[in-house]
Amino acid sequence: MHPNLAFRAEDRAHHLSFARERAFGVLALSTDDAPLISHVPFLLSENGTVAELHLVRSNPIVRALKEPQVARIAVSGPDSYVSPDWYGVTDQVPTWNYVAVHLTGRLELRPQEELHDLLDRQSAFFEEQLLPKPPWRASKMTQTALSRMMRMIVPCRMDVEDIQGTWKLNQNKADDVRLAAADHVKADGFGSEIVRLATLMRDS
């Protein structure tokens, strides 16, 4: 990650908590041509050393994993354009505030026998967030349909070796300037989850 170190002061535990809660990101794998990219849900272990995911069998990344490869999962959070007029001071420039965490490590295919357990744990993780709705279970499917779907996907595991995060929230501005911008982001911003971004800006 390249941004100013002023925006990278958050500690590893904070990055992990964000990535674990988000549980969705962009998986990137380098090739001799353009990088291979896939948007994937994932499970991140409590200590942050393992990310588990599955891919469609026809995904080019699967074909590239004849042996383990270094890969990265980019996890994006709230973001918004910030107008220089919102600061209330002169000589400012436009910018974009955002949160992002990158997980880097060695990605490998796992035995197909691990897939059912992975899918059960993934669905349980996401379904728990829909309470009080009764959680969906794989047992609701017929065995024939479930087996057919499982043949189309493969389990993968990344051993996470590095984690970096950027929390670009106007920490480099005076408090009153940052808070003024946060108010405008909430009221007038555009991007993703602007209310949450404004809250993060106020708390930074």
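Readers should treat all values here as calculations from the given coordinates under stated rules, not as data from a laboratory. Note that this is a predicted model, so its numbers are computed, not measured. As a convention, Cβ positions derive from the backbone with ideal geometry for all residues, glycine included, and neighbour counts pool all protein chains shown.
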Task: Meets criteria (surrounded by 13 or more Cβ atoms within 10 Å (Cβ to Cβ), in contact (Cβ under 8 Å) with a residue 60 or more places away in the chain, touching a Leu at 6+ places or on another chain (Cβ under 6 Å) and in a helix (DSSP H, G or I)) for Ala71 - done: no
- [ ] Answer yes or no: is there a residue in region 87-103 that is over 26 Å from Phe18 (Cα atoms), buried (at least 16 other Cβ atoms within 10 Å of the Cβ), without any contact (Cβ under 8 Å) to a residue 12 or more places away in the chain and over 22 Å from the mean Cα position of the chain (by Cα).
- [x] yes
- [ ] Please specify each residue of region 149-183 satisfying the condition of being among the aliphatic types (A, V, I, L, M) and under 28 Å from Arg57 (Cβ atoms).
- [x] Met149, Met150, Met152, Ile153, Val154, Met158, Val160
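A quick yes/no check of all residues on (1) aromatic (Phe, Trp, Tyr); (2) touching a Pro at 6+ places or on another chain (Cβ under 9 Å):
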site: Phe42; (1), (2): yes, no
site: Ala51; (1), (2): no, no
site: Ala64; (1), (2): no, no
site: Val82; (1), (2): no, yes
site: Leu107; (1), (2): no, yes
TODO: Would you please list the contacts, defined by Cβ atoms under 7 Å and residues six or more apart or on different chains, that run from a residue in region 35-54 that is under 14 Å from Phe24 (Cβ atoms) and free of Cβ contacts under 8 Å to residues at least 24 places away in the same chain to a residue that is in a loop (DSSP other than H, G, I, E, B) and not aromatic (Phe, Trp, Tyr)?
DONE: Ser38/Asn59
- [ ] Provide a single number: the residues in region 23-60 that are assigned to a loop (DSSP other than H, G, I, E, B), within 20 Å of Gln129 (Cα to Cα) and not hydrophobic (A, V, I, L, M, F, W, C).
- [x] 2
Open item on the list: Going residue by residue through region 104-124, is there one that turns out to be surrounded by 10 or more Cβ atoms within 10 Å (Cβ to Cβ) and assigned to a loop (DSSP other than H, G, I, E, B)?
Closed with: yes
